[in-house]
Ligand code: UT7
């Protein structure tokens, strides 16, 4: 059986770091509130001239280098993002050009914070179907350009960054064992960007209302996120005939430490099974899971055969899990 194996990981976060104390200077907020309600201590933010495709390209270069794969060997590039450089064309096409991946198709995938796991699933399926041998999957976001920096309810939560993996067709029992994807569009207004698509086109009034900024009802999102992440984790375990005891590392979407803790508890995982880095990056949306995966990989924390459970929830709503034998 052919399955997709992760042979390289890479990540990149902008050099500029903004702490909670920095935010205190311009916003009616404080370090204590942000730290206790979210677990976030600092986040990386782009500076002028730095764009989503730049972060994605750097993360991709690092993943390709680790995998020992040349850009020209890639069959496909998928970027999970909702903050691409342009509404269209795809940021993946810019990454394709930056890398010189002249034999690859490229597209973006919009699933908000679940974007990386959705993209991973597409890459795995393309490989399993025999239509690709080497796929680059990226999660990359620049949320700092779509949050209202005067809205303390949202702006303190997000950061910018990118993470990437190289998937290669392999035989044997290592690799991505399963992916599960779900969505519920009936409550989209709990977490969305109202402008400016074709439903709400650019206008002076729309800009004045701040329609181009992220809108979120945080506590409602919180409840659905915990429930959905727990459910989709259990679905992954059941599908593979595994229990929580089999999990070496749980890498959840890093939105809020309280969401991670509550979801992990509901699934039945111990604290030492859960990877957390939301303190240093904030919520980088589609980039959180590949950044975390790259961190644990480069720290030498993963052994061959380890079982990893990846789990995400985001706007849409969308939620997803992937079970990986490393
Ligand atoms: O990736 C998926 C996307 N999003 C999420 O996962 C976010 C999910 N939700 C959350 O993480 C949490 O709901 C938040 C962190 C956004 C908010 O935490 P909360 O415990 O649900 O607080 P709250 O929204 O109920 O607000 C409590 C209070 C409010 O004041 P009042 O009305 O009680 O006087 C807010 O105005 O905290 C106030 N508040 C702040 N205070 C200081 C909200 N933001 C801030 C802030 N600094 N930055």
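Taken across region 234-252, residues that are within 16 Å of the ligand (Cβ to nearest atom) and in contact with a strand residue (DSSP E or B) (Cβ under 8 Å, 6 or more places away or on another chain) do occur, with at least one present. In this entry, residue 130 is excluded by the filter for residues that are in the same structural domain as residue 305 (by TED's automatic domain parsing) and surrounded by fewer than 19 Cβ atoms within 10 Å (Cβ to Cβ).
Number of residues in region 1-20 that are closer than 14 Å to residue 294 by Cα and part of a strand (DSSP E or B) equals 7. When the helices (runs of 4 or more DSSP H) confined to region 61-168 are screened for residues that are at pLDDT 95 or above and under 23 Å from residue 8 (Cα atoms), those reaching at least 2 such residues are found at 91-99, 115-128.
So that you can scan it fast, the table gives a plain yes or no per residue for (1) touching a helix residue (DSSP H, G or I) at 6+ places or on another chain (Cβ under 7 Å); (2) at pLDDT below 95; (3) buried (at least 18 other Cβ atoms within 10 Å of the Cβ):
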{"residue": "245", "(1), (2), (3)": "no, no, no"}
{"residue": "249", "(1), (2), (3)": "yes, no, yes"}
{"residue": "252", "(1), (2), (3)": "yes, no, yes"}
{"residue": "255", "(1), (2), (3)": "yes, no, yes"}
{"residue": "270", "(1), (2), (3)": "no, no, no"}
{"residue": "273", "(1), (2), (3)": "no, no, no"}
{"residue": "279", "(1), (2), (3)": "no, no, no"}
{"residue": "295", "(1), (2), (3)": "no, no, yes"}
{"residue": "298", "(1), (2), (3)": "no, no, no"}
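For region 70-99, taking the residues that are over 21 Å from residue 112 (Cα atoms) and in contact (Cβ under 8 Å) with a residue 24 or more places away in the chain, the one that is surrounded by the most Cβ atoms within 10 Å (Cβ to Cβ) is identified as 74. If you check 55, 64, 45 for being surrounded by 16 or more Cβ atoms within 10 Å (Cβ to Cβ), over 15 Å from residue 159 (Cα atoms) and in contact with a strand residue (DSSP E or B) (Cβ under 7 Å, 6 or more places away or on another chain), only one passes: 64.
Here is the figure for region 36-58: residues that are under 19 Å from residue 276 (Cα atoms) and touching a residue at least 40 places away in the same chain (Cβ under 8 Å) total 8.
The values are calculated or read from the model by the stated rules, or taken from the named source; none is laboratory data. Predicted model only: the values in this text are computed from it and were never measured. For neighbour counting, all protein chains shown are included, and Cβ atoms are generated from backbone atoms with ideal geometry for every residue, glycine included.
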